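One structure is given here, and the rest of the page talks about it.
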Amino acid sequence: MYHTDSKREMYAILMRILWPILITQILLYSMNMIDTMMSGRASVEDLAGVAIGSSFWAPVSTGINGILLAVTAIVANLMGADEKEKVHNTVTQAMYIAVAIAVIVLLSGLFFLDDLLRMMDLAADVHDISYHYLIGLSTGIIPLFLFSVLRNFIDAQGLTRVSLYVISMSLPLNVFFNYSLIFGNFGFPELGGIGAGYATAITYWLIFFIAVFMTFKVEMLAAFKLFRRMAVPSPEVMIHHLKIGIPIGVLLFVETSIFSLMTLLIGIMFTTDIIAANQIVLNFTTMLFMLPLSISMAMTIVIGFSAGGGRFHDARRYKMMGLATSLALISASSLLLYIFREQISYFYTDDPAVVAIASPLFLFAIIYQVSDALQALFHGVLRGYKDVIIPSVIAVVSYWPVGLTAGYLLAAYTALGVYGFWIGISLGLTCAAAGFFMRLFTIEKRNMFGQGESAQ
């Protein structure tokens, strides 16, 4: 990472940061995708059970990782302002926060998880699979959150290839443990979809230990001496982190929760085949969302670095580069999704009834992808400016009262059925994209006239 006036060099910097993030996100999400695909090969009930379990876990993990994502914005700003001496304490306090949040999540699951699942009135076997899938997954959440802190610290310095290396090493092991625990191979018990939870937890432990090793191995990271000396807990630094992180977490939570709540409502309103078909579409399109999400994460790094150095003109240039790249990638992926939607469905299941429902669902999913890409991009830019409170309000209003409510009404009271949920979500994402754009326009105008770096 360095400041430059050359557009060509700026784009080269963006691409060097972006492509490892993109591949890392795809590989990281592949763990969830592999869980779903391999569980579907066990049975439709296993697929539905993992779908419900994932729908509970996804918004929680995404929201908490959003809180920890503040590390990227804070460290990028510190590096841009040449205040490297503050980085060690910032990252250490974030690790304390990660462990505390993980303990809270574990205790909450212990007391409330079974009751929440019972409220859905699921078939007994689907309920059992969902519950024990989440129990297995829970054994890996402490290392998952600690890894998130380390990854954000690494990425904020532009060393995104290190994160890619960590995930690349662990993914084959995730496939191995899924194959072993779902189907009972190599002497392991046959657990079906439940085994996917334990396999993913084992992988979370592996990526954490590999990331710790990299903080000693990579010279630029070792200079911060993260695990060689530990800072005492600092309420002041933690509060600063949480002021930035909580609004980010809220925003990401409400965005993810609209898809999870949609799945839970579908679980209540429709049959097991429709639950499975919806999960196929949601699972694969979320993989495609890794494209704009990765650009969003890269935007936070380059915008934060530029804003930290007071180079707001550079930040606007990076935004336009990210916008063009995001639209190009999502257009190409939407075309491929349209052409191969039926073949993709058969990757998940051999059941023709489920495929018959999933294939047209993909057409509705294509509609929302442009709005999803735009809102992700603008949010990433706003995070780089450390502007987080107003965007979180925009997100809550757009995703829940607009998107989810409209989707439920269309699904429950029109002939659209399950397809109505996807139309409502498209509407909510469009509102979010428009709201983020207007907020970003305000921030850039303020910076242009020297009225402050960002809205804290």
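Has region 2-17 got at least one residue that is over 16 Å from the mean Cα position of the chain (by Cα), under 30 Å from residue 303 (Cα atoms) and small (Gly, Ala, Ser)?
Yes, region 2-17 contains a residue that is over 16 Å from the mean Cα position of the chain (by Cα), under 30 Å from residue 303 (Cα atoms) and small (Gly, Ala, Ser).
Given the structure, is residue 178 of a type in the set (S, T, N, Q), open to solvent by 30 Å² or more (accessible area, probe 1.4 Å) and more than 18 Å from the chain's Cα centre (by Cα)?
Working: of a type in the set (S, T, N, Q): yes; open to solvent by 30 Å² or more (accessible area, probe 1.4 Å): no; more than 18 Å from the chain's Cα centre (by Cα): yes.
Criteria not met by residue 178.
In region 244-255, what count of residues is obtained for those that are open to solvent by 10 Å² or more (accessible area, probe 1.4 Å) and farther than 12 Å from residue 403 by Cα?
Result for region 244-255: 5.
Name the residues in region 144-160 that are assigned to a helix (DSSP H, G or I), over 25 Å from residue 103 (Cβ atoms) and among the polar types (S, T, N, Q), would you?
160
Could you run through region 195-239 and say how many residues are without any contact (Cβ under 8 Å) to a residue 40 or more places away in the chain and either part of a helix (DSSP H, G or I) or closer than 30 Å to residue 177 by Cβ (or both)?
10
Going residue by residue through region 367-386, is there one that turns out to be at pLDDT below 90, out of contact with any helix residue (DSSP H, G or I) (no Cβ under 8 Å at 6 or more places or on another chain) and open to solvent by 60 Å² or more (accessible area, probe 1.4 Å)?
no
Considering (1) open to solvent by less than 10 Å² (accessible area, probe 1.4 Å); (2) among the hydrophobic types (A, V, I, L, M, F, W, C); (3) over 28 Å from residue 318 (Cβ atoms), say which one residue 42 fails and leave the rest.
(1)
The values are calculated or read from the model by the stated rules, or taken from the named source; none is laboratory data. Nothing here was measured: the structure is a model prediction, and the numbers come from that model. In this analysis, Cβ positions are derived from the backbone assuming ideal geometry, glycine residues included, and neighbour counts consider all displayed protein chains. Side chains included, ligands, DNA and RNA excluded: accessible areas come from the protein's heavy atoms. Shrake-Rupley method; radii C 1.70, N 1.55, O 1.52, S 1.80 Å.
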